[in-house]
Amino acid sequence: MDNGLMLRASDHDRQEVVDRLRGALEDGRLKMDEFEDRMGLAYQAVTYGDLVPLYADLPAVGQKPGRQAYRPALAAPACGYGHGVLADLPAALKVLWTIWLTAVSINVVVWALVSGTSAHLVYPWPLWVAGPYGAALLAVSAGVTQIRRSRLPAGRRLPPVTG
């Protein structure tokens, strides 16, 4: 037996195997009961030798098997629209941006009506509604976007299947 397979596995290694099994479940390579059995064995595994048989019959990460179902090609979109500004944000931030935009719009309309009926421009008080809250929301959105884009895949890989 290979000495590398006798090494003790870490929690991270066990979780990596479970994630790989979950991917196989999502691809339809495993049935739910088989996934549950293998997941239980993965969390009970002590060495790499206990983990390797759990994914030995699955293709390697990023590797596609020889036979593959081909999907029909889709036509390119007729218009050249890119990603929306809020497309990559979580749903909670999209809701907050919508609430902010609604509140600012209502305040600007009220300000415009007051200024229009009084025959002179009134102090632009909607800026105090839009500015601080908009800046805070922009900072949080930029931070979330930066965190999401900087996530890298795990650098550690499971030992290759031998045999």
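FYI, it's all coordinate maths here, none of it is from the lab. Just so it is clear, the model here is predicted, and its values are computed rather than measured. Cβ sites come from the backbone with ideal geometry, for glycine too, and all protein chains shown count toward neighbours.
Between the amide H of Thr47 and those of Ala9, distances stay under 5 Å, these residues lying 5 or more places away or on another chain, with hydrogens modeled in the peptide plane. The length gained on full extension between Met32 and Ala139, counted as 0.36 nm times the residue separation minus their Cα-Cα distance, comes to 34.3 nm. Extension gain, Ala119-Asp19: 0.36 nm per intervening residue step, less the Cα-Cα distance, totals 29.4 nm. Once the C-beta distance of Gln146 and Ser10 is scaled by a Förster radius of 35 Å, the resulting FRET efficiency is 0.75 to the nearest 0.05.
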